[in-house]
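Input: a single structure, listed below in structure tokens.
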Amino acid sequence: MKQVLLIAVAALGLVAAPALAQEPPPAPDRPLPDASQEARAQALFDDIRCVVCQHEAIADSPAVIAADMRQLVREQVAAGRTDAEIEQDLVRRYGDFVLFQPPVRLGTWLLWFGPVALMGAVLALLLLRSRRRRAEVAPLTADEEARLADIVAAGDLRRDPDAKPSDD
């Protein structure tokens, strides 16, 4: 009886563990009291990528780190920092990937020009392959033409065993 009870408690623990291990919801956002500063912060939220979701801006992301990043941006806007300074601070913390439009420099050339270079290489390869000269088939000699005419005239053509009457 004790073993059955112990197994039931262990099974309940295994079922409940994922629900208990989930990340707690982020604290609700507290907008800045100054409407112009809040509008500036909201504009910045749309330009900053969530480092967890990666395809969403922090304005739309439900992740806790996105809420932390929004709070950080609001604090820096309230402190009077410029948009460029705020973006530089986020790049310093999280790297160029945090911006939806990373700056063009040596380290980000692959991000900016890699897809264009890849498409250009594929296009050049397709053009080179299409311009190759196709091997021309040599015409039949007079003897070969005569032999072919004899075979066709004699009707000694071997029928395809898989052919249907409708294929004729």
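What follows draws every value from the coordinates through simple rules; no lab data is involved. In this text, all values refer to a predicted model and were calculated from it rather than measured experimentally. Heads up, the Cβs are rebuilt from the backbone with ideal geometry, glycines too, and the neighbour counts pull from every protein chain shown.
Rounded to the nearest Hz, the phi-derived 3J(HN,Hα) couplings of the range 102-117 under the Karplus curve 6.51 cos²θ - 1.76 cosθ + 1.60 (θ = phi - 60°) are x, x, 7, 8, 4, x, 10, 4, 5, 5, 7, 10, x, x, 5, 5, where x marks glycine and proline. Per-residue ellipticity at 222 nm computed for the chain from its helices equals -19000 deg cm²/dmol, with DSSP H segments shorter than 4 residues left out and the rest contributing -39,500 (n - 2.57). Annotation note: trypsin sites (Lys or Arg not before Pro) in the range 105-134 located in DSSP loop regions with a Cβ neighbour count of at most 12 within 10 Å are 105, 132, 133, 134.
Based on the alpha-carbon gyration tensor of the chain and its eigenvalue square roots a ≥ b ≥ c, which shape applies: rounded if a/c is under 1.5, prolate if not and a/b is larger than b/c, or oblate? Since a/c reaches 1.5 but b/c is at least a/b, the shape of the chain is classed as oblate. Going by the alpha-carbon gyration tensor, a ≥ b ≥ c the square roots of its eigenvalues, is the range 26-98 rounded (a/c under 1.5) or, if a/c is not under 1.5, prolate (a/b greater than b/c) versus oblate? It comes out oblate by the Cα gyration axes.
If packing is taken as the average count of other Cβ atoms within 10 Å, what order do 38-45, 87-94 fall into, highest mean first?
Details: 38-45: 17.5, 87-94: 15.1.
The peptides rank, most packed first, as 38-45, 87-94.
Residues 116, 73, 137, ranked from the fewest to the most other C-beta atoms within 10 Å, line up as 137, 116, 73. Listed by Cβ neighbour count within 10 Å, with the fewest neighbours leading, 86, 58 appear as 86, 58. Simple spin-label estimate for residue 37 and residue 127 gives 5.6 nm between the two label positions (7 Å along the Cα-to-Cβ direction from each Cα).
In order along the range 79-84, phi translates into HN-Hα couplings of 6, x, 6, 7, 4, 5 Hz, rounded to whole numbers, per the Karplus curve 6.51 cos²θ - 1.76 cosθ + 1.60 with θ = phi - 60° and x for Gly and Pro. Each label point was placed 7 Å from the Cα along the Cα-to-Cβ direction; for residue 60 and residue 109 their separation is 3.2 nm.
Ranking 86, 45, 64 by Cα position along the charge dipole of the range 26-98, where only Lys, Arg, Asp and Glu carry charges on their C-beta atoms, puts 64 farthest toward the positive end.
In this Cβ point-charge picture (+1 for Lys and Arg, -1 for Asp and Glu), the chain has a dipole of about 520 debye about its Cα centre.
How far, in nm, would the chain grow between residue 144 and residue 15 when pulled straight, counting 0.36 nm per residue and subtracting the alpha carbon separation? Roughly 38.4 nm would be gained on extension.
By definition, a body whose alpha carbon gyration tensor gives a ≥ b ≥ c is prolate when a/c is 1.5 or more and a/b is larger than b/c, and the range 57-135 fits this prolate description.
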